Amino acid sequence: MLKFTQKKMTGVMGVFGHMDSLNGAIKHLKASGRSDMEVFMPCPRHEIADTLAEKKSPVRMLTLLGGMAGVSTGYLFTSFASLDWILPTSGKAVVSLQAYTIPAFELTVLFGSILTITGMILFGKLARPSALPYDERFTDDKFGIFVPCEASEFETYESALKENGAEEVTRAQ
């Protein structure tokens, strides 16, 4: 049985009531050179994603590769099967792409979904090496930001979060 030991992270957690103030705090922290912060929000917001400027997920490339492999397999498998067991019917072509479109489509969906799920498991950070502090209000109506830092930097980041509109700032030790 696998066991994941979770080391608790130290840092500062800020709770925000408004998305705009969280966005301002993210901009302030990025300007000071921090890019390793974790942001919590009740629903996905493109404004925050734009501010964080996160790189695009490689899962979409795996989906594309799975779809291309599926359509290729669908057409090739049915074509080779028809050439191996030739059943001539009224002078029609032995290999007919129109008839093979449905199996090719089904394999496109199958391979694409399998590689998408594989990519989500590999790149989705499902097993995190450390336990982040979390507040249940982030699933309801509050926004949050966690800045990992050493105990000597607590004062600096607490004041930075409060200046940018944090309603509550706590230390995680």
Q | Label-point separation, Ile102 to Lys27 (7 Å along Cα→Cβ), nm | A | 5.6
Q.
Sequence gap of 8 or more, or different chains, plus Cα separation below 25 Å: how many lysine pairs satisfy both in the chain?
A. 21
Q. Is it possible to state the helix-based mean residue ellipticity at 222 nm for the chain, with each DSSP H run of 4+ residues giving -39500 (n - 2.57), the sum divided by total residues, to the nearest 500 deg cm²/dmol? What is it?
A. -16000 deg cm²/dmol
Q: Once you have a ≥ b ≥ c as the square roots of the Cα gyration tensor eigenvalues for the range 59-123, tell me rounded if a/c is under 1.5, and otherwise prolate or oblate according to whether a/b is larger than b/c.
A: prolate
**Q.** Potential extension, Leu132-Glu47 segment - 0.36 nm per residue separation minus Cα distance
**A.** 28.3 nm
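Assuming a ≥ b ≥ c are the square roots of the Cα gyration tensor eigenvalues, decide whether the range 74-173 counts as rounded (a/c under 1.5), prolate (otherwise, with a/b larger than b/c) or oblate. Walk me through the intermediate numbers first.
Details: a/c = 6.26, a/b = 4.39, b/c = 1.43.
Because a/c hits 1.5 or more and a/b exceeds b/c, the range 74-173 counts as prolate.
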Q. Which entry in [x] -0.70, -0.98; [y] -0.54, -1.02; [z] -0.63, -0.96 matches log10 I(q)/I(0) by the Debye sum over Cα atoms at q = 0.12, 0.16 Å⁻¹ derived from the coordinates of this structure?
A. [x]
Q | Share, in percent, of DSSP beta bridges within the chain that are antiparallel, nearest 5 | A | 90
(Q) Among the complete DSSP H segments of the chain, which ones combine at least 27 Å of alpha-carbon extent along their axis with a mean Kyte-Doolittle hydropathy of 0.0 or more? (A) 59-84, 97-123
Q | Leading residue at positive end of dipole, the chain (Cβ point charges), from Gly165, Gly112, Tyr100 | A | Tyr100
**Q.** Peptides ranked, highest mean first, by Cβ atoms within 10 Å: ranges 79-87, 96-104
**A.** 96-104, 79-87
Q) What is the spin-label model distance, in nm, from Trp85 to Asp140 if the labels are put 7 Å beyond Cα along the C-beta direction? A) 6.3
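Taking the highest mean first, how do the peptides 57-64, 20-27 order by number of other beta carbon atoms within 10 angstrom per residue? Write down the numbers at each step before the final one.
Details: 57-64: 14.9, 20-27: 19.2.
The most tightly packed comes first, giving 20-27, 57-64.
Rule-based calculations on the coordinates, nothing more; no lab input. Values in this document were obtained by computation on a predicted structure and should not be read as measured data. Here the Cβ is made from the backbone with ideal geometry for all residues, glycine too, and neighbour counts use every protein chain on show.
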